[in-house]
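One structure is given below, encoded as structure tokens.
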Amino acid sequence: MLRCFWLLALLLPLWLAASDAVAFQALPFSPLGSFYRPDHPEIPLGPGSGVEEIDGFVQPAGAASPTDLYFGIVPAGLSLSFSAALSADTTDLLLRYDFMNTSGSALASLLLVSFVDAEIDEPINTFFNEYVEVVGTPGAGQSYEADEPGFTFGDIYANAQAGALDGTNATSAAAPDDVAMALALLLGPIAPGQIARFEILLSEDGESLGAFRLVQRDDASDHAITYSGAASIVPEPGTALLLAAGLGALGGARRRGRRA
Ligand SMILES: [Ca+2]
Ligand SMILES: [Ca+2]
Ligand SMILES: [Ca+2]
Ligand SMILES: [Ca+2]
């Protein structure tokens, strides 16, 4: 009996530490980068966190409204390569949406609206004791929204569907509720064959892409989800080759210099 007690006393701190160390993990995203919990029950995101929904809405210049990637369709004139990657220490989940302009003509702009409805410590303290903190100022081409996800009063989901985030945080620590976050990233022009790369980072240890970020908090937990995004044009293959050749020549010059 005494031996059992000591075994328990030894193992309990280890078990508590292990349970607290649950980290972000890969989610079963659709090929176009959507995740919807009712399709995949009981998938946690990280320490205390679960995801109800991650989705993207994409709108090329001239389109009347965005296309919801959840339905598995990409607007005409574009192809999408999506990937999700965990950092080596599994504290960060990077979502990458690479849209190539396959239309044969320049595209003036492309808008991606990312939408995340996550919950923190839902089994312990519900999903409706949460709020969002907005840190910094949106960069060029960025806008955001934090709000109740649309099951009761929030308009964030409707605004994401319309491609028009309202740039406000309707959540507050004083009146916590269910919350969702959205980021809009506008990029252009995109030449034929070029790739518009949109990256979204979900972090459990406060990392972000750039200084602007939304931080989802729980009023009874130390866990938080930091959400940020960045957009860039990926150089055309020709440019990338030239760049590589230039760097190669530079490397060669340095090696020669060191030997001399
Ligand atoms: Ca990290
Ligand atoms: Ca909660
Ligand atoms: Ca709103
Ligand atoms: Ca939520």
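We did not get these values from a lab; they are worked out from the coordinates using the rules stated. For clarity, every value in this text was computed on a predicted model and none was experimentally measured. No Cβ is skipped: glycine too gets one built from the backbone with ideal geometry, and neighbour counts run over all protein chains shown.
Collect residues whose amide H, placed 1.01 Å from N in the peptide plane, falls under 5 Å from the amide H of SER49; neighbours closer than 5 in sequence don't count.
ASP121
Taking +1 at the Cβ of each Lys and Arg and -1 at the Cβ of each Asp and Glu, which of GLY206, ILE124, ALA84 sits farthest along the dipole of region 24-248 towards its positive end, judged by Cα position relative to the Cα centre?
With unit charges placed on the Cβ atoms, the residue in question is ALA84.
If you plug each phi of region 86-91 into the Karplus form 6.51 cos²θ - 1.76 cosθ + 1.60 with θ = phi - 60°, what whole-Hz ³J(HN,Hα) values come out, in order, with x for Gly and Pro?
8, 5, 4, 8, 6, 8
Give the relative contact order (percent, whole number) for region 24-248; include only Cα pairs under 8 Å separated by 6+ residues. Could you put the intermediate results ahead of the total?
On the way: 594 pairs, mean separation 47.5, N = 225.
About 21 percent, as a whole number.
Mind jotting down the distance between the C-alpha centroids of region 102-161 and region 21-96, whole Å?
Centre-to-centre (Cα) distance: 12 Å.
How would you order 133-143, 24-34 from highest to lowest mean count of nearby Cβ atoms within 10 Å? Walk me through the intermediate numbers first.
Details: 133-143: 14.5, 24-34: 16.1.
Highest mean packing first, the order is 24-34, 133-143.
Normalised by the empirical 2.2 N^0.38 Å for globular proteins, what value does the Cα Rg of region 24-248 take? Present the calculation step by step, with values, prior to reporting the outcome.
Details: Rg = 17.6 Å, N = 225, 2.2 N^0.38 = 17.2 Å.
Compactness ratio reported: 1.02.
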